[in-house]
1. Within the range 91-99, is there a residue that is at pLDDT 95 or above and either surrounded by 16 or more Cβ atoms within 10 Å (Cβ to Cβ) or touching a Cys at 6+ places or on another chain (Cβ under 8 Å) (or both)?
2. Only one of (1) under 17 Å from the mean Cα position of the chain (by Cα); (2) more than 30 Å from Ser254 (Cβ to Cβ); (3) surrounded by 15 or more Cβ atoms within 10 Å (Cβ to Cβ); (4) at pLDDT 95 or above is not met by Lys124, so which one is it?
3. Which of the residues spanning the range 154-196 are assigned to a loop (DSSP other than H, G, I, E, B) and hydroxyl-bearing (Ser, Thr, Tyr)?
4. Scan (1) surrounded by fewer than 22 Cβ atoms within 10 Å (Cβ to Cβ); (2) hydrophobic (A, V, I, L, M, F, W, C); (3) under 26 Å from Gly232 (Cβ atoms) for the single condition Val195 breaks and write down its number.
5. If the Cβ limit is 6 Å and pairs must be 6+ apart or interchain, which residue in the range 171-188 that is over 30 Å from Gly211 (Cα atoms) pairs with which residue that is surrounded by fewer than 19 Cβ atoms within 10 Å (Cβ to Cβ) and of a type in the set (Lys, Arg)?
6. Which of the residues that make up the range 127-138 are surrounded by fewer than 19 Cβ atoms within 10 Å (Cβ to Cβ) and either small (Gly, Ala, Ser) or not in a loop (DSSP other than H, G, I, E, B) (or both)?
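The values are calculated or read from the model by the stated rules, or taken from the named source; none is laboratory data. Keep in mind the model is a prediction, meaning the values are calculated, not measured. We place every Cβ from the backbone using ideal geometry, glycine too, and count neighbours over all the protein chains shown.
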Amino acid sequence: MPSSFSGKVVWVTGASSGIGEALVKGFAATGAKVILSARREEELKRVQKEAGLNESNSLILPVDLYNTGDIEKAYSKAKEKFSSIDILICNAGIAQRSTVVNSKLEVDRQIMELNFFAVIALTKIVLPSMINRKQGNIVVISSVMGKMGIPGRSMYCASKHALHGFFEALRGEVFKDNVKVHIICPGYVKTNVSVNAVTSDGSAHGKMDAGQEKGISPEKCANAIIRAIKSGKEDVYVGGTETLAPRLKAVLPSLFSYFVKHSEFH
């Protein structure tokens, strides 16, 4: 694992499980100082302990990302503890399993609020300090679905597409300030993302999809993300053969459309 992050302050949202948990442990192994955020404080404490972190090199920072005021308070606490954020990793999010016709509008708004607007709010709060210091990394965990539309994931895909538009524009605005923007597009990773996905009425999907079950481990995904940040890569696909789908769409759009139209929604 690279050691160039030693002493760097890394803020990870969605740190209580899955990719976020693996990122906390991965960065801790490099000697970084880590801020762990999610809603479940007890799980954050578990991850902190398992990562070998302590009160001096980490901060448990529960936050409700649906509440901009809560995000601002969390940032104030982070600054009080560590002065500045070197790497912001926007990982928290929610998936979807519902058709357009059945999904309630309030559920669509919930997905967009967490997957897009919360990320924007957090970025806008942290960004000015990075610009002033002329250094920083903003890492956005998107998805291969940020590059294509898949039946049953309409608003999830839309929220991830929105991230690409926003952060590609931001990348062009801040590169002269030495602020780097990385967009990570995982494919199938074996986490509970499909278990926790919301259905048409907002209830949990409650089961792991076959793709997720066969996906790469969160640790393998996290290691790839950390390497990408170290090497300065801007757009990164992480996963198996499913990461080829956006490239198929770009090269053979008609064939891709055929597969989408004939895919079976679960």
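1. Kept after step one, since they are at pLDDT 95 or above, are these residues of the range 91-99: 91.
Checking the rest, the ones that are also either surrounded by 16 or more Cβ atoms within 10 Å (Cβ to Cβ) or touching a Cys at 6+ places or on another chain (Cβ under 8 Å) (or both) come to 91.
Yes, some residue in the range 91-99 is at pLDDT 95 or above and either surrounded by 16 or more Cβ atoms within 10 Å (Cβ to Cβ) or touching a Cys at 6+ places or on another chain (Cβ under 8 Å) (or both).
2. Only one criterion is unmet by Lys124, namely (3).
3. Step one: filter the range 154-196 for residues assigned to a loop (DSSP other than H, G, I, E, B), giving 178, 187-188, 190-196.
The answer is Tyr188, Thr191, Ser194.
4. (3)
5. Asp177/Lys134; Asn178/Lys134
6. Going residue by residue through the range 127-138, those that are surrounded by fewer than 19 Cβ atoms within 10 Å (Cβ to Cβ) are 128-129, 131-135.
Selection gives Pro128, Ser129, Ile131, Asn132, Arg133.
For every residue, the table says whether it meets (1) within 24 Å of Pro151 (Cα to Cα); (2) charged (D, E, K, R); (3) touching a residue at least 60 places away in the same chain (Cβ under 8 Å).
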residue	(1), (2), (3)
Ala51	no, no, no
Asn57	no, no, no
Pro62	no, no, no
Val107	yes, no, yes
Met112	yes, no, no
Ile125	no, no, no
